[in-house]
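For reference, the structure discussed in these notes is given below.
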Amino acid sequence: MKILVAVKRVIDYNVKVRVKADRTDVDLANVKMALNPFCEIAVEEAVRLKEQGVASEILVVSIGSKPCEEQLRTALALGADRALRVDTDVLPDALSVARVLAKVAETEQPDLILLGKQSIDSDNNQTGQMLAALLDRPQATFASEVKIDGDQLQVTREVDGGLQTLNLKMPAVVTTDLRLNEPRYASLPNIMKAKKKPLEVKTPADLGVSISSQIKLISVEPPAERSAGIKVGSVAELVEKLRNEAKVIA
Amino acid sequence: MSILILAEHDNQTLKPVTLNVLAAAGEIGGDITLLVAGHGCQAVAEQAAQAAGVSRVLLADAPAYAHQLAENVSKLLLNLADDYEHILAAATTTGKNILPRVAALLGVNTLTDVLGVESPKRFKRAIYAGNAIATVEIDEPKVVMTIRGTAFDPVAATGHNASITQLDQVYESDDVSFRHEALAASDRPELTAARIVVSGGRGLGNGENFDLLYQMADKLGAAVGASRAAVDAGYVPNDMQVGQTGKMVAPELYIAVGISGAIQHLAGMKDSKVIVAINKDEEAPIFQVADYGLVADLFDAVPELQASL
Ligand SMILES: Cc1cc2nc3c(=O)[nH]c(=O)nc-3n(C[C@H](O)[C@H](O)[C@H](O)COP(=O)(O)OP(=O)(O)OC[C@H]3O[C@@H](n4cnc5c(N)ncnc54)[C@H](O)[C@@H]3O)c2cc1C
């Protein structure tokens, strides 16, 4: 069984991003970048399936300029077998990303496609669903458990009301939630080995896709700032304030 | 202009978040159609017909739609899409699962978790865990998007009487089937719609200690939420997680107990009107957003607070 994992280079989750003074965008200069945490979980899941002998090959794909090879190398160090970067300097919209991935899937014919449920920069939560639609294959989003039985996938999903379990026929698209697994740390020997694993670069034109950006960023503003309020000295004072000052309890 | 909204429901009742989506649609402006897709959901269609601003209700009632499977509902929406410029749903796990699939079938992009309407093509949404609010313009023939319910005041649930039309198209994929679900049963208000939310974090130490919060919540008529750390540690189920990757809440009063205030948690609750933090560490970042901070051991403070309510 072959697994395709899509990964994205994003701001490190510990960094608190700031809006640029001219409000055209957020300031990413000199900010630490990393593999999107949900994508890391997707890679880990693929690696575990390979370790269990269920999967035989893991291909990781990222769409972006040269620096995102760093994240592809991270994925290779975690245990992916080979990598593909689809080169673009423009920021692709989610539909373009899904179209590129669909083309890769058509050539590679994976049985399972794993993606993170959302990237922590644009906070969109849509690429996996769009990819599944383009391929006309079933999807299981927000997965917290994946079991494989022959050509059947049993996936438990985290939904607003609790948990939902679906059966899917492969090929299928699964997007990961936080509790699917806890990704390992890449060991030094594996980081060294990853440098020798194959990393191919293609252009969108090679794949017959054009990259577009149909969503224009007009401006960015900081969120309404909350200022720290007061510290109360006791529970009694807290109750008094909530009742008489904030008037939020009876 | 005309707008199609996918109603959020559980086959018995229309979820209140649909009323918030209707408010967003009202700001876009246009004739509003509400689609109720489900199974045995006639009652939902009847409730939907009473909501303010709805011109007509479309009812697709079939076993294939019982569990809101994206493969089936997206094809139904695709089939209806010709007549509408905007297709909306709530930014719930249902809406987020289905609408991007519809958008891709239509060959258009989609906007997730919209929290402000500037014009029919220009919207506001949060990015980077709510650390920036982006204004974006979408250049697509159809605008497909999910709406953050807490950002819009709900329209009236009753007083209206729209027509109900039955649809008979049934789309059923052979590639996916529903197996089972484990839904949390609770008499407390729904987290995203509650007036008061009491949330617990890793500081609670274990699942049993959450009883302290449940008791207090019941006195206040509040919902109970949690940080990711509390969910990951298995203290409480995943549906209680508040934050960037959990639920977005904006109650009148949010009481954070034993929660440090990581940016991912703040992303889900900092639009609350009044925030109270109870934490034994006076340096905890949660105090930077709290209107009222109490530096105390929660095991002393919470029982005392409950007793004085
Ligand atoms: C991609 C990604 C997405 C994430 N999404 C979310 C999300 O949606 N929601 C979310 O919440 N987190 C999310 N997180 C996790 C987040 O970064 C934090 O790890 C998490 O919020 C911490 O939870 P906590 O505050 O309960 O735990 P901690 O940070 O461990 O804080 C516990 C607090 O309890 C206090 N405490 C301990 N004992 C007591 C006591 N007896 N009395 C009073 N106070 C006490 C401590 O002083 C401390 O401040 C995400 C992380 C990543 C990487």
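The values are calculated or read from the model by the stated rules, or taken from the named source; none is laboratory data. Quick caveat, the model's predicted, so the values are computed rather than measured. Counting neighbours? That spans all protein chains shown, and the Cβs are built from the backbone with ideal geometry, glycine included.
Observations, loosely collected:
- Qualifying residue in segment A:170-177 (condition: among the small types (G, A, S) and at the interface with chain B (Cβ under 8 Å from one of its Cβ atoms)): yes
- Qualifying residues in segment B:295-305 (those that are more than 9 Å from the ligand (Cβ to nearest atom) and in contact (Cβ under 8 Å) with a residue 12 or more places away in the chain) - the one surrounded by the most Cβ atoms within 10 Å (Cβ to Cβ): B:L305
- Segment A:4-18: number of residues that are over 14 Å from A:G116 (Cα atoms) and at pLDDT 95 or above: 2
The rows are residues; the columns are (1) away from chain A (no Cβ under 12 Å); (2) more than 9 Å from the ligand (Cβ to nearest atom).
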site	(1), (2)
B:A217	yes, yes
B:V224	yes, yes
B:T245	no, no
B:G258	yes, no
B:A262	no, no
B:G268	no, no
B:V274	no, yes
B:D281	yes, no
B:A284	no, no
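- Failed condition for B:R101, given (1) more than 20 Å from B:V17 (Cβ to Cβ); (2) facing chain A (nearest Cβ under 9 Å); (3) touching a residue at least 24 places away in the same chain (Cβ under 8 Å); (4) touching a helix residue (DSSP H, G or I) at 6+ places or on another chain (Cβ under 6 Å): (1)
- Hits in segment A:16-26 (condition: over 13 Å from A:S122 (Cα atoms) and facing chain B (nearest Cβ under 9 Å)): A:K16, A:R18, A:V19
- Within segment B:194-228, the set of residues being surrounded by fewer than 19 Cβ atoms within 10 Å (Cβ to Cβ) and small (G, A, S) comprises B:G205, B:G207, B:G221.
- Residue identified as modelled with pLDDT of 95 or more and within 28 Å of B:A104 (Cα to Cα) among A:E45, A:E70, A:E51: A:E45
Each row is one residue, and each column tells you yes or no for (1) part of a strand (DSSP E or B); (2) touching a Phe, Trp or Tyr at 6+ places or on another chain (Cβ under 7 Å).
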site	(1), (2)
B:A60	yes, no
B:V73	no, yes
B:L76	no, yes
B:A89	yes, no
B:P100	no, no
B:L111	yes, yes
B:V114	yes, yes
B:V117	yes, yes
B:K124	yes, no
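- Among the residues of segment B:112-160, the ones that are more than 10 Å from chain A (Cβ to nearest Cβ), among the basic types (K, R) and surrounded by fewer than 21 Cβ atoms within 10 Å (Cβ to Cβ) come to 1 in all.
- Filtering B:R202, B:R188, B:R195 for residues that are modelled with pLDDT of 95 or more, away from the ligand (no atom under 14 Å from the Cβ) and among the basic types (K, R) leaves a single hit, B:R195.
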